[in-house]
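Below: one structure, written as structure tokens.
The values are calculated or read from the model by the stated rules, or taken from the named source; none is laboratory data. Everything numeric in this text was worked out from a predicted model, so none of it was measured. Note: ideal-geometry Cβ built from the backbone for every residue, glycine included; neighbour counts use all protein chains shown.
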Amino acid sequence: MKTRITDLVLDCCPADIDIGEYDDELATRIIDRVQAGLGVKNQPHRIRKIPRAFLIAAVLALAFGTVAFAIAEYTISLRKPSVDEGLVSGFRYEEVVDGKVWNSRILAFPDAGMVFTFTCPEEMTHTPEFRCFWLPQEATEGITDEQGWTKRLFCDSGDSIPYCISTIDSISDGLQLVLSGDVSVVKEERLGEWELLEVTSDCSKLIYPTYDRANYILLFQKTTGYLVLISGELDMDTLEHIAYEMEIRESGIPKVEHTGDPLIGTIDLARG
Amino acid sequence: MNEKRLLRRLQRGDESVLPELIRQYSGYAYAIASNILSHAMGEEDIEEVVSDSFLSIWENRENIETEILKAYLAAVVRNKAKTALRKHHAEEPLEDDILQISIPNQPEQKILLSELREIAHDAVDSLGEPDREIFQRYYFLYQKTEDIAETLGLKDATVRAKLSRGRKRLKVYLTERGFDCEDTHY
């Protein structure tokens with residue numbers, strides 16, 4: 001029989017050899033072609049998949065230019081407090097009167113390194129929940145249902161906090177969330193309906209340092225105001241891995257109602 | 001993004017991975033397709049083959065068993081490109097590619113081909129460097145000898161000589177394992 005060497009070496013792909021160069025225009029054309037192919041072959045499949053995972057759907061929307069609906073969006077913005085600004089301060093809700101939570105105390109944050117501010121076109125009615133398909137190590141705290149859905153997973157290895165994943169359920173118009181330390185933005189991406197923010201905080205110079213550095217990934221969905229925080233002392237790449245292997249959906253648990261002035265709170269590695 | 005992570009997302013059916021996959025590997029995939037097809041087809045057709053390859057990977061994502069996505073993609077691109085060549089009734093680009101192997105006619109030929117590939121894999125692995133890389137660049141990635149020479153800082157004649165040694169090594173491996181073979185032409 002006649003055979004080709006090129007066929008015999010089909011299993012001999014050189015993983016360590018790269019050929020070809022990245023060409024943005026070529027990549028865009030290929031994406032367009034694949035999109036067209038999917039449009040013909042897989043459209044029902046895509047539509048079915050979208051409600052399954054918010055994150056996946058969000059990335060799809062960016063990647064394939066899915067039609068954007070003209071709806072009011074929740075927003076997240078971030079700023080580094082300037083030296084002239086003085087203490088970052090604001091109200092914190094503490095009192096419950098007739099079933100409603102009232103802001104009653106001004107809190108100040110001398111170590112504030114980054115402030116995340118939210119706008120909400122309307123009050124959130126429900127809060128999100130998530131489930132993870134991959135974790136670098138087993139969580140030590142956090143209760144999941146049979147399908148793995150939860151609102152918080154926490155891992156404490158004893159001498160460090162590898163990760164903490166939690167939903168932030170108090171998003172309201174004007175809310176400020178303060179992150180302490182010397183904070184810098186690692187990545188800021190808009191993924192369809194989602195904002196993905198990666199920030200790292202050098203905590204060594206905090207007044208009460210408990211760890212040297214903490215990494216944070218904020219996943220914020222613009223159409224619902226859902227915020228999921230993935231934080232930890234693990235490297236950002238590992239935290240990002242968690243983010244890409246998780247699914248987020250509405251929990252059915254109503255958001256805590258509050259009233260009064262815009263709130264302030266903190267983002268903390270150990271607490272979420 | 002990390003290749004294994006891309007692979008996991010692909011296997012899970014995360015459609016958003018496709019643009020990332022394409023951005024990461026389109027240059028690589030196009031280069032392989034172009035090496036195989038450029039003598040017979042234009043850029044537009046080559047891009048079509050590359051696009052079909054990514055679509056095929058998506059559609060067969062549940063059957064992907066490899067842990068090396070890049071290798072899987074390369075194999076898909078090669079197959080798609082070869083199919084395109086056949087449709088265009090065009091010749092394969094490499095002339096020194098044919099082996100005549102004595103195999104008794106039997107229904108297990110597919111199994112034999114699998115065994116031959118394992119032997120070829122071992123033979124390629126046994127080559128020292130840079131012979132292994134040259135052999136893989138030429139026979140797997142279809143790079144021209146002059147391009148390999150330029151990339152590796154060697155003379156074209158040196159690359160050809162090393163390819164010849166690689167073919168001899170492959171034949172020795174096959175012969176030692178009971179397959180008589182010789183160079184030939186279609």
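State whether the residues of the stretch A:218-230 include one that is more than 15 Å from the chain's Cα centre (by Cα) and either buried (at least 20 other Cβ atoms within 10 Å of the Cβ) or without any contact (Cβ under 8 Å) to a residue 24 or more places away in the chain (or both).
Restricting attention to the stretch A:218-230, the residues satisfying the condition of being more than 15 Å from the chain's Cα centre (by Cα) are none.
No, every residue in the stretch A:218-230 fails to be more than 15 Å from the chain's Cα centre (by Cα) and either buried (at least 20 other Cβ atoms within 10 Å of the Cβ) or without any contact (Cβ under 8 Å) to a residue 24 or more places away in the chain (or both).
In the stretch B:5-26, what count of residues is obtained for those that are among the polar types (S, T, N, Q) and modelled with pLDDT of 85 or more? Walk me through how you get there before you give the answer.
From the stretch B:5-26, those among the polar types (S, T, N, Q) are B:11, B:16, B:24, B:26; that's our starting set.
After this cut, where a residue has to be modelled with pLDDT of 85 or more as well, the list is B:24, B:26.
So the answer is 2.
Take residue A:24 and tell me if it is more than 29 Å from residue B:149 (Cα to Cα), modelled with pLDDT of 80 or more, charged (D, E, K, R) and out of contact with any strand residue (DSSP E or B) (no Cβ under 7 Å at 6 or more places or on another chain). Let's see the steps before the verdict.
Details: more than 29 Å from residue B:149 (Cα to Cα): no; modelled with pLDDT of 80 or more: yes; charged (D, E, K, R): yes; out of contact with any strand residue (DSSP E or B) (no Cβ under 7 Å at 6 or more places or on another chain): yes.
So residue A:24 does not fit the description; no.
Just checking, how many residues over the stretch A:123-175 are surrounded by 15 or more Cβ atoms within 10 Å (Cβ to Cβ), among the acidic types (Asp, Glu) and in a loop (DSSP other than H, G, I, E, B)?
Result for the stretch A:123-175: 2.
Need pairs with beta-carbon distance below 8 Å; first residue more than 18 Å from residue A:248 (Cα to Cα) and within the stretch A:134-152, second acidic (Asp, Glu) and surrounded by 14 or more Cβ atoms within 10 Å (Cβ to Cβ); sequence gap 6+ or separate chains.
If the second residue must be acidic (Asp, Glu) and surrounded by 14 or more Cβ atoms within 10 Å (Cβ to Cβ), the pairs left are A:140/A:156; A:141/A:156.
Of the residues that sit in the stretch A:4-21 and are surrounded by fewer than 19 Cβ atoms within 10 Å (Cβ to Cβ) and facing another protein chain (nearest Cβ under 7 Å), which one is modelled with the lowest pLDDT?
Residue satisfying both the conditions and the ranking: A:15.
So, of the residues in the stretch B:69-95 that are exposed (fewer than 14 other Cβ atoms within 10 Å of the Cβ) and at pLDDT below 80, which turns out to be nearest to residue B:146 (Cα to Cα)?
To start, the set of residues in the stretch B:69-95 that are exposed (fewer than 14 other Cβ atoms within 10 Å of the Cβ) comprises B:83, B:86-89, B:91, B:95.
Checking which are at pLDDT below 80 leaves us with B:87-89, B:91, B:95.
Numbers: B:87: 28, B:88: 26, B:89: 26, B:91: 20, B:95: 15 Å.
Looking at residues that are exposed (fewer than 14 other Cβ atoms within 10 Å of the Cβ) and at pLDDT below 80, I get B:95.
Have a look at B:100, B:11, B:24 and point out the one that is polar (S, T, N, Q) and within 30 Å of residue B:172 (Cα to Cα).
Criteria check complete, one pass: B:100.
Take residues that are touching an Asp or Glu at 6+ places or on another chain (Cβ under 7 Å) and more than 9 Å from chain A (Cβ to nearest Cβ) and tell me which of the helices (runs of 4 or more DSSP H) falling wholly in the stretch B:107-171 contain 3 or more. Talk me through it step by step, then tell me what you get.
On the way: elements: B:109-126, B:131-139, B:145-152.
Filter on the stretch B:107-171 gives B:145-152.
Based on this model, can you work out whether residue B:65 counts as at pLDDT 75 or above and either more than 30 Å from residue B:48 (Cα to Cα) or of a type outside the set (Gly, Ala, Ser) (or both)? First the steps, then the outcome.
Numbers: at pLDDT 75 or above: yes; either more than 30 Å from residue B:48 (Cα to Cα) or of a type outside the set (Gly, Ala, Ser) (or both): yes.
Considered against the rule, which asks whether it is at pLDDT 75 or above and either more than 30 Å from residue B:48 (Cα to Cα) or of a type outside the set (Gly, Ala, Ser) (or both), residue B:65 comes out as yes.
Quick one: would you say residue B:20 is assigned to a helix (DSSP H, G or I), under 27 Å from residue A:244 (Cβ atoms) and either in contact with a helix residue (DSSP H, G or I) (Cβ under 6 Å, 6 or more places away or on another chain) or not assigned by TED's automatic domain parsing to the domain that holds residue B:136 (or both)? Let's see the steps before the verdict.
Details: assigned to a helix (DSSP H, G or I): yes; under 27 Å from residue A:244 (Cβ atoms): yes; either in contact with a helix residue (DSSP H, G or I) (Cβ under 6 Å, 6 or more places away or on another chain) or not assigned by TED's automatic domain parsing to the domain that holds residue B:136 (or both): yes.
So residue B:20 passes the test.
When you look at residue B:56, is it in a helix (DSSP H, G or I), at negative phi and over 15 Å from the mean Cα position of the chain (by Cα), yes or no? Walk me through it before giving the result.
Values: in a helix (DSSP H, G or I): yes; at negative phi: yes; over 15 Å from the mean Cα position of the chain (by Cα): yes.
It is true that residue B:56 is in a helix (DSSP H, G or I), at negative phi and over 15 Å from the mean Cα position of the chain (by Cα).
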